[in-house]
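Taking it in order: structure first as structure tokens, then the write-up.
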Amino acid sequence: MTKAELRKYYFEKRLTLSPQKLEKISAQICHAVFSNFQLEKKKISLFLPIERKKEINTYKIWEKARSFDALVAIPKINEKTNELKQVLFEEEDQLETTIWGIPEPKRGRVIAAEHFDFVFVPLLAIDKKGNRVGYGKGYYDRFLKKCSPRCKFIGLSHFDDLSENIDDANFQDVKLDYCITPNEFYRFD
């Protein structure tokens with residue numbers, strides 16, 4: 001399937017999830033994150049959920065990571081450059097919601113891409129090679145290319161099934177190192 005086909009299929013599938021099912025999925029993924037990665041004193045980039053798009057609730061990951069003295073940054077879109085900058089996320093009153101429903105920091109210290117140990121990446125679909133499908137604007141691909149080679153890219157997916165292949169994946173797409181789903185942990189070569 002193509003990115004557009006996968007994007008449509010998985011977005012529609014996500015919208016059918018009940019609030020209870022979404023919360024269960026989010027809790028399972030949070031548990032798996034801390035079962036598979038040592039985040040203590042690490043620098044982490046973590047997306048916050050767009051609630052109307054039923055994204056995974058990552059606030060629990062933020063809370064737990066902070067309890068391990070991790071520095072957690074969240075993305076803010078720079079519309080002039082079409083890039084993400086990462087801002088240290090210390091308290092919820094730091095947030096404002098954009099017209100697209102994205103919780104973003106309105107203030108805070110920027111952390112450069114090359115300093116991150118882990119980047120948690122939102123996605124709609126992912127294939128068995130680690131290629132992901134996002135919303136199609138390329139923000140994360142551009143950001144991930146600036147990260148250190150030692151940084152690990154981890155996708156968080158609502159669904160356990162991975163696509164066999166993304167037909168139109170290309171050289172500009174940055175592959176993920178891992179993907180966590182409610183019941184599976186995938187590592188890509």
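A value for log10 I(q)/I(0) by the Debye sum over Cα atoms at q = 0.19, 0.20 Å⁻¹ was derived from the coordinates, and within the list (1) -1.54, -1.73; (2) -1.20, -1.28; (3) -1.44, -1.59 it appears as (1). Using the Cα centre of the chain as origin and beta-carbon charges of +1 (Lys, Arg) and -1 (Asp, Glu), tell me which of Pro105, Ile61, Thr181 is placed farthest towards the positive end of the dipole. Result: Pro105, furthest along the dipole toward the positive end.
Loop-located GluC sites (Glu not before Pro) in the range 60-136 (DSSP state other than H, G, I, E, B) with a sparse environment of at most 10 neighbouring Cβ atoms within 10 Å: Glu79, Glu91.
What is the antiparallel percent of DSSP beta bridges lying wholly in the chain, to the nearest 5? Each step should come with its number before you reach the end.
On the way: 16 of 30 bridges.
Percentage antiparallel, nearest 5: 55.
Helices in the chain, meaning DSSP H runs of at least 4 residues, each add -39500 (n - 2.57). Divided by all residues, the mean residue ellipticity at 222 nm is -7500 deg cm²/dmol. Rounded to the nearest 20, the size of the Cβ-charge dipole of the range 3-187 about its Cα centre is 260 debye, with Lys and Arg at +1 and Asp and Glu at -1.
Out of Val133, Ala169, Leu17, whose Cα points farthest toward the positive end of the dipole of the range 3-187 (charges: +1 Lys, Arg; -1 Asp, Glu; placed on Cβ)? The residue sitting most towards the positive pole is Ala169.
If you take the Cα centroid of the range 1-76 and the Cα centroid of the range 151-188, the two points sit 13 Å apart. Give a residue-ordered list of calculated ³J(HN,Hα) values for the range 138-153 (Karplus: 6.51 cos²θ - 1.76 cosθ + 1.60, θ = phi - 60°; whole Hz; x for Gly, Pro). Per-residue couplings from phi come out as x, 4, 5, 4, 5, 5, 4, 5, 8, 6, 5, x, 7, 5, 9, 9 Hz.
Any read-out appearing in this document is the output of simple, stated calculations on the displayed coordinates, not a laboratory observation. In this text, all values refer to a predicted model and were calculated from it rather than measured experimentally. Neighbour counts are summed over all protein chains in view; Cβ atoms, including those assigned to glycine, are modelled from backbone coordinates with ideal geometry.
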